[in-house]
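The values are calculated or read from the model by the stated rules, or taken from the named source; none is laboratory data. Everything numeric in this text was worked out from a predicted model, so none of it was measured. Using ideal geometry, Cβ is built from the backbone for each residue, glycine included, and neighbour counts are taken over all protein chains shown. Please note that ligands, DNA and RNA were not included when accessible areas were found on the heavy atoms of the full protein model with its side chains. Shrake-Rupley method; radii C 1.70, N 1.55, O 1.52, S 1.80 Å.
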Amino acid sequence: MTIAPQSPTEVAPTDLVTVSVDGIEVRVPKGTLVIRVAELMGIEIPRFCDHPLLDPVAACRACLIEIEGQPKPQPACAIAVTDGMVVRTQRTSPMADTAQEGVMEFLLLNHPLDCPVCDKGGECPLQNQAMTAGRGTSRFEEEKRTFEKPINVSAQILLDRERCVSCARCTRFADQIAGDPMLELLERGAKQQVGTAEDEPFDSYFSGNTIQICPVGALTSSLYRFRARPFDLVSTPTTCEHCASGCSLRTDVRRGVITRRLAWDDPEVNEEWNCDKGRFAFVYTYEGRIASPLVRENGELRPASWPEALDVAARGLAAARGRAGVLTGGRLTREDAYAYAKFARVAMGTGDIDFRARVASDEEAQFLASSVAGMPLGPTYADLDRAPVVLLVGLEPEDESPIIFLRLRRAAQKKGVRIVSLSPVRTRGMDKMDAQWWACQPGGEAVALRQIAENSADTLAALRQPGAVILVGERMAGVPGALSAAAELASSTGARLGWVPRRAGERGALDAGALAGLLPGGRPADDPRAREEVAAVWGVEASSLPTGGRVGQSLVDAILGDTSRAEREEERHIDALLVAGVEVADHERAEDLRRALSDVPFLVALSTHHNDVTEVADVVFPVAVVAEKAGSFTDWEGRTKPFSAAIHGAQSVADGRVLAMIADSMDVTFGAGDVASLRAEMDRLGMWTGARPAAPSVAPAASDASGTVALATWRLLLDAGALQEGEPHLAATARPTEALMSSETARSLGLGQAGSVTVSTDHGSLELPLRIADVVDGTVWVPMTSEGSRVLAIGASHGTRVRVTGGTA
Amino acid sequence: MPELPPAVRGFGVTFATMFKKVVTEEYPEQADRYPPKPRFHGRHQLNRWADGLEKCIGCELCAWACPADAILVEADSNTEEARFSPGERYGRVYQINYLRCIFCGLCIEACPTRALTMTNVYELADDNRADLIYEKKDLLAPLLPGMIPPPHRMVPGTTEKDYYAGKVTGSVPEQEPEGDSEIWYETQEPAVREGRA
């Protein structure tokens, strides 16, 4: 259980009160709940409804204790201690003991006792406490109340009302923590039951947490239903691979297959919560994996032995030494990203490496080098709790970093933190965080930030308060000048600046040097001392390390030989590419990249699943998914969270090992490539302490083309992402795919209230249902990568001008 | 009386034995003459309800109780299309490893539905290890007259509680599977498939 962190300075000695529990006197802070005092003393009081992160409700009455001077037993979970209070628990008070046994008998009256078919059996607080605090027999002889079982409260969450003890943990979680009060206690008396409104399922992004905190088996998931018993499972603490929030999870594996994942306790990051993507999206770990290395022969990929594939890859890469590029994607562990960064420079002799398989820009690369890479921890989640104001720039936390959303929501509601969101859409997530909406055209964020810096005196004053935080989201990479303006605003006001990428591996890859121009630890690749430091650890000549390198667009241009775009670069062809877990469709110019991948003379892919890259690769190596390897992720704060392999004895090999084997075949000194040695090297290198490149100062692009509509877009939490495949129940709880517009815009375009719209560019169109919402005028919002709404595929992204027409084509 | 020489004395035992009752049991020729005691712990059996549905609900309590880790159970949901047991849950995979089993009987004590019992069959030997891991099809009780091989629906109008209360005494025509039922075919032992059991 999480105990809220309290620094000693926060409790003045005068605020301590003396209480006696079971005859033992203790001094505790005033206002502590009796049940917490007993917990700290090691006295266990039974409980169901009590949860340290939820408000007390005293619904289950299992924790009744005797307080001297009170005629009746009192609930320990809802009574705060006062000075001189004398408490007697079931250990010393017959009254408390009888009361607890009586409550347990009541709770079991209508409980079906179907433990053999219940998923909670074996880890059930009701089972355990019926044994420790209940009587051996029941005096109830009548017919038990029955309900239809189970019913769906959402596609994923099943509710068995017979088992429920009405503790209200799920309803309180939904209301207080997630802000999705779709679960409610209905009816009264014996008929009391948890339920949802008709036709309004519990489609919260955080719904899975209710299963975990349910103290009985009333809430279960479709995915884990009947899959295992606790004694079957090998549990490993892990870090979530889905986003950069950095949640601690517990992964439960049965016979080499993941059966479920639970939120694990990290008070500094996710507390005891996580999102449904982290909890339920793991089917990809066992479905559709590549089994063996593949080598292309006569135009067809055929299975090959490891030595053969290594030999082919090594010869091809060695032949293109100095004319090669590396795309790593944002999903690698920190260690594997480091292996790619080192392999690129040492074995392939190139600095052309980019981890950003998404909308990216040179300005962003410069911003990351100056303000993010290799920086120490911070701002942190705790800083969000304490901040006077948090400014969100192009970041929708509920979709892009759900734990930031939970933190901000609590900070706003409990501590009055002011949250301001600069966004084209007023979302439900903003309302749940009590955030102030600063409307701004998509693509106009840079201008808006500059206007704040120049004109808005009270905003500047708010940001100048100590502890103020600015969080910029990943889509700002696609808005020229936005990151420059954010960095400038932060440095002029003293506010702390946090960059929140979406993918779990991005910050780690950045720190590991998987970006052209940066060596590991945030070292500038053109700084002589930085080069010396890295060369010494890698055992190479500093002069052999490539300096700059091309990123993103120019890398693709170099492959295609498109010199008009890449004219600033010297003419260097790319003759070989090494590609890790990259979805081509995530790239801003997906068609160009697709063409580049088939054009490049030699392509090596390291992949877990077949995708567009493996389809055209010359050599494919199967690699381990995150659950099969040890490693670490660095979350958006810069906090590194190591984990060990959850699936033991898997046959797969991590990327780092594969690269080491290729390097061996190339006769390049690389090292073993295992996690321990890669980590040791990274620790030896440490973070860069020297001078950093200057922050970018890109001017905002002038807004163009009146008469068309600006497109606002970001990825929803639950969308058509590759790692969410194979889990239809989870997908069914996703938000609907629809276009949002203000009524004013819809009217000016001649669109009706209902019906659908067609959003089109020169490259294609999307057809979506239209919903009128709070969107800044002249703008349409669509989900970026949902089923039926692939924005990048029509050549658009956040800020693009599009045409919107009514109705179906 | 003078002592006989030791060599002759030794034959005394031999001659005396020739007139005693023979204790050797003629196995396997006369195995039936010496049946095991009724409570002998022999091979397990997965029982059926009177209409042929399986009693096993896949709860894994047998596997939990097993001190030798000889039992593997994987459960699954019954569906309208494929129902193997009354209620929500059935045992999809059921294996007992007779290389490990010590025949202690804790599993049958743990079984909440009396699905698992022990027969008196003790002839458990084979020439390879794999065949000594008994699958569900090897362990299921034979179909008696009046039983329909699952999957099929419950007796119309009943719930699993009626099964547990003993109110279901046989199958009814409505339970006959409609059309081809490939699912059960795969799960049955050959004798059942060919209608010999």
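Structural remarks
- Over all Cα atoms in the stretch B:2-109, the spread is summed up by Rg and Dmax: 25.5, 91 Å.
- Measuring nothing but alpha carbons in the stretch A:557-692 and taking Rh as the Kirkwood radius, the Rg to Rh ratio lands at 1.01.
- FRET efficiency for A:Asp265 and A:Arg386, using Cβ-Cβ distance with R0 set to 22 Å, rounded to 0.05: 0.55
- The calculated FRET efficiency for the pair A:His763 and A:Glu105, based on their C-beta separation and a Förster distance of 60 Å, comes to about 0.30.
- Of all lysines in the structure, those lying under 18 Å Cα to Cα from A:Lys414, and not within fewer than 8 positions of it along the same chain, are A:Lys432.
- Rh (Kirkwood; distinct C-alpha pairs) - the stretch A:84-134, Å: 12.4
- What the Cα convex hull of the stretch A:301-381 gives, in volume per residue, is 157 Å³.
- In sequence order, the stretch B:80-89 has phi-based couplings of 4, 7, 9, 10, 9, 9, x, x, 7, 10 Hz under the Karplus curve 6.51 cos²θ - 1.76 cosθ + 1.60, θ = phi - 60°, and Gly or Pro positions carry x.
- In the stretch B:62-95, burial by the other protein chains removes 30 Å² or more of accessible area from B:Trp64, B:Leu72, B:Glu74, B:Ser77, B:Glu88, B:Arg89, compared with the chain on its own (1.4 Å probe, ligands and nucleic acids ignored).
- At least 10 Å² of accessible area lost relative to the chain alone, listed for the stretch A:211-226 with a 1.4 Å probe: A:Arg225, A:Phe226
- With contributions of -39500 (n - 2.57) from each DSSP H run of at least four residues, the per-residue ellipticity at 222 nm computed over chain B stands at -4500 deg cm²/dmol.
- For the stretch A:749-797, carbon and sulfur atoms together expose 49% of the accessible surface, with a 1.4 angstrom probe and every protein chain in place.
- The calculated pair-distance distribution of the stretch A:26-70 uses every alpha carbon pair, bins of 10 angstrom beginning at 0, and gives 24, 58, 18 percent.
- Axis angle, to the nearest 10 degrees, between helix B:6-17 and the longest C-alpha principal axis of chain B: 40 degrees.
- DSSP assigns beta bridges within the stretch A:444-600; of those with both partners inside it, close to 40 percent run antiparallel.
- For chain B, the Kirkwood hydrodynamic radius comes to 19.7 Å, computed from all pairs of different C-alpha atoms.
- Sulfur and carbon atoms: percent of accessible area, the stretch B:1-111 [1.4 Å]: 59
- The per residue volume of the convex hull around the alpha-carbon atoms of the stretch A:352-495 is 108 Å³.
- Residue-wise HN-Hα coupling along the stretch A:210-225, computed from phi with Karplus coefficients 6.51, -1.76, 1.60 (Hz; x: Gly, Pro): 5, 5, 5, 8, 4, x, 10, x, 6, 10, 9, 9, 4, 6, 9, 3
- Stokes-Einstein translational diffusion, the stretch A:82-172 - Kirkwood Rh over all Cα pairs, 1.306 mPa s, 10 °C, in µm²/s: 103
- Per residue Cα convex hull volume in Å³ - calculated over the stretch A:400-473: 94
- Amide H contacts of A:Leu518 (H built 1.01 Å from N, under 5 Å, at least 5 apart or other chain): A:Ala525
- For the stretch B:13-73, alpha-carbon Rg and Dmax in angstrom: 21.1, 61
- Its residue count N fixes a reference of 2.2 N^0.38 Å for the stretch A:665-743, and the Cα radius of gyration divided by that reference is 2.05.
- Probing with 1.4 Å while keeping every protein chain in the model, the per residue accessible area of chain A equals 38 Å².
- Cα-based Rg and Dmax for chain A, where Dmax is the largest Cα-Cα distance (Å): 28.5, 90
- FRET efficiency for A:Leu186 and A:His573, using Cβ-Cβ distance with R0 set to 60 Å, rounded to 0.05: 0.30
- Heavy-atom surface of the stretch B:1-71, accessible at 1.4 Å and reported per residue (Å²): 72
- Across A:Lys277/A:Lys415; A:Lys149/B:Lys167; A:Lys120/B:Lys161; A:Lys72/B:Lys161; A:Lys191/B:Lys167; A:Lys191/A:Lys415, pairs whose alpha-carbon gap is larger than 31 Å: A:Lys72/B:Lys161; A:Lys191/A:Lys415
- The C-alpha atoms of the stretch A:240-285 occupy a region whose extents along the principal axes are 32, 17, 13 Å, arranged from largest to smallest.
- Here the stretch A:543-690 exposes an accessible surface that is 47 percent carbon and sulfur, computed with a 1.4 Å probe and the other protein chains kept in place.
- Association of chains A and B removes close to 1400 square angstrom of accessible area from solvent, both sides included, for a probe radius of 1.4 Å.
- Listed as lacking a disulfide-compatible partner in chain B: B:Cys56, B:Cys59, B:Cys66, B:Cys101, B:Cys104, B:Cys111, by the criterion of no other cysteine Cβ under 4.7 Å.
- The value for the stretch A:222-350 of Rg(Cα) / (2.2 N^0.38 Å) is 1.41.
- Summarised as an ellipsoid, the stretch A:723-809 has semi-axes of 23, 15, 11 Å, derived from the eigenvalues of the Cα gyration tensor scaled by 5 and square-rooted, with the largest first.
- Annotation: amide H of A:Leu64 within the under-5 Å range of A:Ala76, sequence separation 5 or more or interchain, hydrogens built in the peptide plane.
- Cα centroid separation, the stretch A:353-423 to the stretch A:278-346: 32 Å.
- Largest accessible area first, the residues A:Leu717, A:Leu40 order themselves as A:Leu40, A:Leu717 under a 1.4 Å probe with ligands, DNA and RNA left out.
- Shielded by partner chains, the stretch A:115-132 residues - at least 10 Å² of accessible area, 1.4 Å probe, vs chain alone: A:Pro116, A:Val117, A:Gly122
- Backbone HN-Hα couplings from phi across the stretch B:43-59 [Karplus 6.51/-1.76/1.60, Hz, Gly and Pro as x]: 4, 6, 9, 9, 7, 10, 6, 4, 9, x, 5, 7, 7, 5, 10, x, 7
- Whole-angstrom gap from the stretch B:1-47 to the stretch B:123-149, using each part's C-alpha centre: 33
- Fraction of antiparallel bridges per DSSP, the protein assembly as shown only, in percent to nearest 5: 65
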